[in-house]
Amino acid sequence: MERLNILFKKYKNNQCSQKEIDELLDYFSIGNDETALKAQIDGFLMQVYENNPELEQSTDEVYNRLQALIHQQQSTKKRFLKLTSIKWAAVASILLCLSVGSYFLLHKTTTLQFTNNQNQNHDILPGGNKAILTLGNGKQIILTDAKNGILADLGNVAIHKTANGEVVYNSAQNKKAAVIEHNTLVTPRGGQYHLTLADGTNVWLNAASSIKYPISFPDKKRQVEITGEAYFEVAHNASKPFLVSSNGQTIEVLGTHFNVNSYTDETTIKTTLLEGSVKVSNGIAAIVLKPGQQSRINIDNTNQKISVVNGIDTEEAVAWKNGFFHYDNIELKDLMRQISRWYDIKVVYQGQVPNHEYLMDLKMKTNLSNILKILEQGGIHFKIEDRKLIVMP
């Protein structure tokens, strides 16, 4: 442990040679049990800060050094950058100061040198809790600016904005509406929002998405329409099926958890089931999903057979809802579409940019430059001009 303490101190002060960095990282066993590995790293850091309390005061320095280490594997067709996130149990105070998660490299490493000064000087902030609520009478409420409390009293339903920054519909049990009014919640690029419907169903909207829904559900079915991406935790009601329509697809459930990605600039409509069961149909075919399965419909030809993929990483499918960019083998251009929506930027390509694949796990509450620092290690270069991100080989 004494040798490791010495190496860690040198590492903090940027005095380690590449050989010493490898020696430090070789302390950690490399295997398939990621949980055990994280526990091992946690244990090591706890000992380091217990024996060296002065290191805890340099949180930003230590963090930036650690984040700069990545694991790079190259093949003839693609490169993978793997970042394994860890929890720093002994330094919880660090998390209050950092805008992104903590990451540690496994195996041999390259020290990242991000030299694009223009990116550092013209950084772009991440998205946040933003949405516009449109009532049945056409009145619009900008939720980002709206005060907490009652936003509207519709007689049988009161709409509240909570201190947590979400919209909640509370239905009065002894009142019935003469006409069922529909509301629409829209998130802009760079926005997300959490909504609780009158039946208790929770909906999280990703950036550049929308949901149209009735303010209450007196009918035999509960039906909503979405665009973009949404995660649902549907309140169970066996007598009232819950239906979600999106881009030519309909999902029918009784009560379950699932994610729908139906952006029109993606190649497929993806429905991922986490709990319960859902029936997915497109007017031509219908399938019933089990937990861990994902249905896919070609967005250019919805009138076709629905394919089903087993063994889906459900954590990846809903990572955005939990505040993370979490991807296994995502291609660069697919990742750029996610980044474009979240940071509200236009992405353009110059030259023959290789479409590498990446594995990453980063908090979404990070400035764009932190993402670009990691991606540049794969041989890709970036330049920011106003709100345009230029991707170059």
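Odds and ends about this structure:
- Checking each residue in region 324-346 for being basic (Lys, Arg), at pLDDT 95 or above and open to solvent by 20 Å² or more (accessible area, probe 1.4 Å) picks out 337, 346.
- Some residue of region 365-380 being open to solvent by 20 Å² or more (accessible area, probe 1.4 Å), touching a strand residue (DSSP E or B) at 6+ places or on another chain (Cβ under 7 Å) and assigned to a strand (DSSP E or B): no
Here is a yes/no grid of residues against (1) touching a residue at least 12 places away in the same chain (Cβ under 8 Å); (2) of a type in the set (Val, Ile, Thr); (3) not in a strand (DSSP E or B):
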| position | (1), (2), (3) |
| --- | --- |
| 170 | yes, no, no |
| 184 | yes, yes, no |
| 198 | yes, no, yes |
| 204 | yes, no, no |
| 211 | yes, yes, no |
| 228 | yes, no, no |
| 235 | yes, no, yes |
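- Unique match (being modelled with pLDDT of 95 or more and at negative phi) among 308, 353: 308
- Of all residues in region 270-307, those satisfying the criterion of being surrounded by fewer than 16 Cβ atoms within 10 Å (Cβ to Cβ) and among the hydrophobic types (A, V, I, L, M, F, W, C) are 284, 285, 286, 288.
- Enumeration of residues in region 234-279 that are more than 18 Å from residue 212 (Cβ to Cβ), polar (S, T, N, Q) and at pLDDT below 95: 237, 239, 256, 267, 268, 277
- Of all the numbered requirements in (1) touching a strand residue (DSSP E or B) at 6+ places or on another chain (Cβ under 8 Å); (2) within 30 Å of residue 376 (Cα to Cα); (3) open to solvent by 40 Å² or more (accessible area, probe 1.4 Å), residue 192 misses one, and that requirement is (3).
- Test: residue 378 is in contact with a Leu (Cβ under 7 Å, 6 or more places away or on another chain) and of a type in the set (Gly, Ala, Ser): yes
- Scanning region 132-144 turns up one or more residues that are touching a Ser or Thr at 6+ places or on another chain (Cβ under 9 Å), open to solvent by less than 10 Å² (accessible area, probe 1.4 Å) and touching a residue at least 40 places away in the same chain (Cβ under 8 Å).
- Selection from region 226-269 of residues that are farther than 17 Å from residue 207 by Cβ, among the charged types (D, E, K, R) and either open to solvent by less than 10 Å² (accessible area, probe 1.4 Å) or in contact with a Phe, Trp or Tyr (Cβ under 8 Å, 6 or more places away or on another chain) (or both): 240, 252
The values are calculated or read from the model by the stated rules, or taken from the named source; none is laboratory data. It should be emphasised that the depicted structure is a prediction, and the values quoted were computed from it without experimental measurement. Glycine also receives a Cβ, built like all others from the backbone with ideal geometry; neighbour counts cover every protein chain displayed. For accessibility, only protein heavy atoms count, side chains too; no ligands or nucleic acids. Shrake-Rupley method; radii C 1.70, N 1.55, O 1.52, S 1.80 Å.
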